[in-house]
Amino acid sequence: MTNRRENAILAAPLVLFLLAILGFPTVLALVYGVSDTSFQTLTSPEFSGLANFRQVLADPTFWQAAWFSLRFGAITAVLQCALGLALAVYLAPLVRLHGWTVAILIIPMIVAPAMMGLMYRLVLHEFAGPLPHYLYQWLGWSPAFLSPAHVFKTVVVAETLQWTPFAFLLFLTAYQSIPEDLREAAAVDGTRPWRRFWTIELPLMLPTVWVALFIRFIDGFRVFDNIYTLVGAGPGGSTTSMSIYIYETFLRRGEIGKAMAAAILLFVTAFLALALAQRLTRKAAR
Amino acid sequence: MADLRLEHLSKRIGGHSVTHDVSLSVPDGAFCVFVGPSGCGKSTLLRLIAGLEEASAGRILVGGRDVTQVPAWDRDLAMVFQSYALYPHMTVRDNIAFALRSARRPEPEVAAKVAEAARILQLDSLLDRKPAQLSGGQRQRVAIGRAIVKQPKLFLFDEPLSNLDAELRVHMRLELARLHRQLGTTIVYVTHDQVEAMTLATQIVVLRDGRVEQVGSPLQLYDAPDNLFVAGFIGSPKMNLLAATRQGDRLVLPGCGGQSVPLPPLAALPAEGVPLHLGLRPQAISATGAQSLDLVIEVVEHLGSETLVHARAPGSAELVTALVTGGRTLSPGQPFTAGFGTAALYLFDPTGQRLR
C-alpha cells in the first residue's frame, strides 16, 4: 500500500507537468473540435456536435492529404531503412577503424528540415537552380523537379536523403552489438558472408528494423516543414500532407473547428498505429 | 577425418609476433591439446587453423590440402567456442542444423543427422528450446552438437570447459573423451588447464610466448620434460624446482640449508659452480628412499588417502612439496625426512634446458 502511495507521490510532478503542457491544449482542441469557431469567435465557441468531423471526412482534400501522408510515410520509411541498413553493414568495418566518419555521415540529420526544404528549392528551381542548369548544359534535358508529375518523387528523395542517416545510425549500433563470435561460428560452419547476413545478422537486427521503420513512418506521415518550405501545398494540392492540410485549414481558411477535428483524427490514427506497432515488435522479440 | 600439419606458421599483429615459426604434425584421429599460460598464443594458433586469422607466414595443411589461403567457410572444419556462440534467435534444432543447411543438404538428411547428434548428446528433449532457456552445460552440449553434425575433417575446441563449474567440467571432460573415442575424428583442443590436457590428450603441445616448447604424449611430457617450463607446467601438484650447484659428484642445494644429493645419471657433467635447477616431483617423495633431505613441516593439507606436505630446511628459503600416501599423523612443526631415488631427479642448465 505504501508502495503505491510512494509511486503516486513520485509520479505526481510529472503527471502535473504533462497535464499542464499537453492537457490544456488537448482540452482546447477537443472543445474547438466540437464547436463552430472562427478567429472572430475564439472566446465564445458554439457547440456544434460532430459537424466538424463530418465536414472533414466529407472533404476530398482531407482524404487526398491522408493518402499522401500514408504513401509518403510508407515509401520514405522503407527507402530510408533499406538504404540505412545497406550503408550500416557496408560501412561497419570502416567505422570500426575510423569512428569519426559517423559524424560526417549524420550531418544531414543536423540540418533543420525547413532549411533543407529551402535549400532544395534553390538547388532545384527550374530557372535559377544549379541542378537543372547543369543538366541542361550537359544533357540538354532536365526533369521539372517541382512539376506535378515529379514533385512527389522529389520530396520523397529529399526526405530520404535527410533521414537515411538516422536509420543508418540505429542499424550501425545494432550491427556492432552482434557478438563477433556468432559471425565467426557461422563462418566456420561453412556460411558465406552473404548467407551469413540473411541467416544471422539480419534476424538479430530485426527488432531494430521494426523500430526504425515505425519511427521513420510516423515522422514521414506527419511531415510538414521541409515540404512546406520546398513546394508549399504543391501544385493542385499534390504535396498536401496531413500536417499541411491542418495548417492550411486553420490559418489560411480560418476553419478552426475543422482543423482541430482533423488534428484529433490524425492523433487517434497515430496512436492506433503506435499500439499496433508495439504489439508487433513485442511479438517479433519473442 | 584428416591429419593436420603446420609448417613454419607465424602470425604477427602490428609488428608483435603472436605465434612464431610453429611446425607441428597432428596424426589422423589424434586428440591434440594446445596448452600453455594465457597469452602464449594457443588460441591464435587455433584461430589460424580455423581460418579466422590470416597467417603472416607458413602453411596449414588439413588432410594434405593446403588451406592457408582458403576462407574459413571452405575449410570444412567445426569449432566449439569458449562462449559457445549459439545463435540466439534459433532453436536448438536449428542451431544444430545450421551448418548442414548452409551446405544445402537435403532436409530429410538434415533431420536424421540432427536426431542422431541429439541422441549422442542427450539433447532430445531440448530441441525446440532457444539457447536462452538452457543451462551452461546444455549450451555446451548444443555447441558440440553443432560441430559434430557436420562430420568435419577436424574439430577445433577453444577452451570449451572454462565457463562451466568444477563438477560439470569433470563430467564434460569424460563426455569429450567418450565422444572422441566414438567419432574418431581428429581434435585440436585449446586449454590453459594442464589437468584437462593430461586427461584428454593423445598428444600435448606445450606453448609459451608463441613458440612450441615440447610436443609429446601426456606421459612423455610428464616423465621426460625437455625444459624447465614444461617440467613446471605439466603435473599437479607442480614439480619442486630447487637451486643447485655441482660440487664433485654431488649437488649442493643452497636453498635447503646446503644439504646435498648425489648427481643423477648424466651423459655430460655440468661445470662446477654453475647455478642449476634441480627438479623433483612431489609424488616421487616418500618417507623411505635411498636419498633424503631433512626438512621441517610448515603446512599440511590432508586430502584423505593422501597428504600434501609443504616443508623446508630450517632457516632456508625454498619450500619443498611432497605428496605422501597416508600421512594422517603429520602436523606442522614436525621434522620431515623427504626420501627419493636419484632416478627421480631432473637437472636443468641455467637456460632451462634439461641435462640428460
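Worth pointing out:
- Taking the stretch B:83-97 as the range and being within 8 Å of chain A (Cβ to nearest Cβ), of a type in the set (Ser, Thr, Tyr) and open to solvent by 10 Å² or more (accessible area, probe 1.4 Å) as the test, only B:Ser83 passes.
- Close pairs from the stretch A:104-121: first over 11 Å from A:Tyr228 (Cα atoms), partner open to solvent by 60 Å² or more (accessible area, probe 1.4 Å), Cβ under 7 Å, at least 6 apart: A:Pro108/A:Leu161
- Checked against the criterion of being out of contact with any Asp or Glu (no Cβ under 6 Å at 6 or more places or on another chain), without any contact (Cβ under 8 Å) to a residue 24 or more places away in the chain and surrounded by fewer than 19 Cβ atoms within 10 Å (Cβ to Cβ), the candidates B:Glu306, B:Glu318 yield just one match: B:Glu306.
- Enumeration of residues in the stretch B:133-147 that are within 12 Å of chain A (Cβ to nearest Cβ) and hydrophobic (A, V, I, L, M, F, W, C): B:Val142, B:Ala143, B:Ala147
- On inspection, B:Leu100 fails the criterion of being away from every other protein chain (no Cβ under 12 Å) and either surrounded by fewer than 22 Cβ atoms within 10 Å (Cβ to Cβ) or not basic (Lys, Arg) (or both).
- Residue within the stretch A:266-282 that is open to solvent by less than 40 Å² (accessible area, probe 1.4 Å) and under 20 Å from A:Leu28 (Cα atoms) present: yes
- The set of residues in the stretch B:59-82 being more than 24 Å from B:Arg101 (Cα to Cα) and open to solvent by less than 30 Å² (accessible area, probe 1.4 Å) consists of B:Ile60, B:Leu61, B:Thr68.
- Selected residue [within 21 Å of A:Val268 (Cβ to Cβ) and open to solvent by 80 Å² or more (accessible area, probe 1.4 Å)] from A:Val27, A:Val34: A:Val27
- In the stretch B:34-66, the residues that are within 12 Å of chain A (Cβ to nearest Cβ) and of a type in the set (A, V, I, L, M, F, W, C): B:Leu46, B:Ile49, B:Ala50, B:Leu52
- Taking the stretch A:153-196 as the range and being away from chain B (no Cβ under 14 Å) and either touching a Cys at 6+ places or on another chain (Cβ under 7 Å) or open to solvent by 40 Å² or more (accessible area, probe 1.4 Å) (or both) as the test, the residues that pass are A:Lys153, A:Val157, A:Leu161, A:Trp163, A:Phe166, A:Ala167, A:Leu169, A:Leu170, A:Thr173, A:Gln176.
- Test for A:Ala144: is it within 14 Å of another protein chain (Cβ to nearest Cβ), at pLDDT below 95 and either in a loop (DSSP other than H, G, I, E, B) or touching a helix residue (DSSP H, G or I) at 6+ places or on another chain (Cβ under 6 Å) (or both): no
- Restricting attention to the stretch B:335-356, the residues that are part of a loop (DSSP other than H, G, I, E, B) and in contact (Cβ under 8 Å) with a residue 24 or more places away in the chain add up to 5.
- Residue match in the stretch B:105-125 (condition: in a loop (DSSP other than H, G, I, E, B) and within 11 Å of chain A (Cβ to nearest Cβ)): yes
- Residue match in the stretch B:130-139 (condition: more than 25 Å from A:Pro203 (Cα to Cα) and open to solvent by less than 60 Å² (accessible area, probe 1.4 Å)): yes
- Flag if A:Thr240 is away from chain B (no Cβ under 14 Å), in contact (Cβ under 8 Å) with a residue 12 or more places away in the chain and assigned to a loop (DSSP other than H, G, I, E, B): yes
- Counted residues, the stretch B:67-80 - those being more than 8 Å from chain A (Cβ to nearest Cβ) and part of a strand (DSSP E or B): 1
- Verdict on B:Pro152 being surrounded by 21 or more Cβ atoms within 10 Å (Cβ to Cβ) and either assigned by TED's automatic domain parsing to the domain that holds B:Leu280 or part of a loop (DSSP other than H, G, I, E, B) (or both): yes
- Residue under evaluation A:Leu272, criteria (1) under 24 Å from A:Pro113 (Cβ atoms); (2) within 17 Å of the chain's Cα centre (by Cα), criterion not met: (1)
- Check on B:Leu127, under 21 Å from A:Arg183 (Cα atoms) and in the same structural domain as B:Arg169 (by TED's automatic domain parsing): no
- Test: B:Asp223 is loosely packed, with under 15 Cβ neighbours inside 10 Å, assigned by TED's automatic domain parsing to the domain that holds B:Lys42, over 24 Å from B:Pro332 (Cβ atoms) and among the acidic types (Asp, Glu): yes
- Sole residue being crowded, with 18+ Cβ neighbours inside 10 Å, over 29 Å from A:Thr269 (Cα atoms) and not aromatic (Phe, Trp, Tyr), chosen from A:Ala92, A:Ala88: A:Ala88
- Scanning the stretch B:323-334 for residues being assigned to a strand (DSSP E or B) and open to solvent by 40 Å² or more (accessible area, probe 1.4 Å) gives a total of 1.
- Any chance B:Arg328 is charged (D, E, K, R) and closer than 19 Å to B:Gly232 by Cα: no
- Out of B:Gly327, B:Gly315, B:Gly341, one residue alone is out of contact with any strand residue (DSSP E or B) (no Cβ under 6 Å at 6 or more places or on another chain), farther than 29 Å from B:Gln214 by Cβ and at pLDDT below 90. It is B:Gly315.
- Checking A:Leu204 against (1) within 14 Å of chain B (Cβ to nearest Cβ); (2) free of Cβ contacts under 8 Å to residues at least 24 places away in the same chain, the condition it does not meet: (2)
- Being outside any helix (DSSP H, G or I), touching a Ser or Thr at 6+ places or on another chain (Cβ under 9 Å) and of a type in the set (A, V, I, L, M) is a property that A:Ala233 has.
- A:Ala263 modelled with pLDDT under 85 and either open to solvent by 20 Å² or more (accessible area, probe 1.4 Å) or outside any helix (DSSP H, G or I) (or both): no
- Residue count, the stretch A:132-151 (criterion: open to solvent by 40 Å² or more (accessible area, probe 1.4 Å), out of contact with any Ser or Thr (no Cβ under 6 Å at 6 or more places or on another chain) and closer than 18 Å to A:Phe72 by Cβ): 3
The values are calculated or read from the model by the stated rules, or taken from the named source; none is laboratory data. As the structure is a prediction and not an experimental result, all values here were calculated from the model. Cβ sites come from the backbone with ideal geometry, for glycine too, and all protein chains shown count toward neighbours. To get the accessible areas, we keep the full protein, side chains included, count just its heavy atoms, and leave off ligands, DNA and RNA. Shrake-Rupley method; radii C 1.70, N 1.55, O 1.52, S 1.80 Å.
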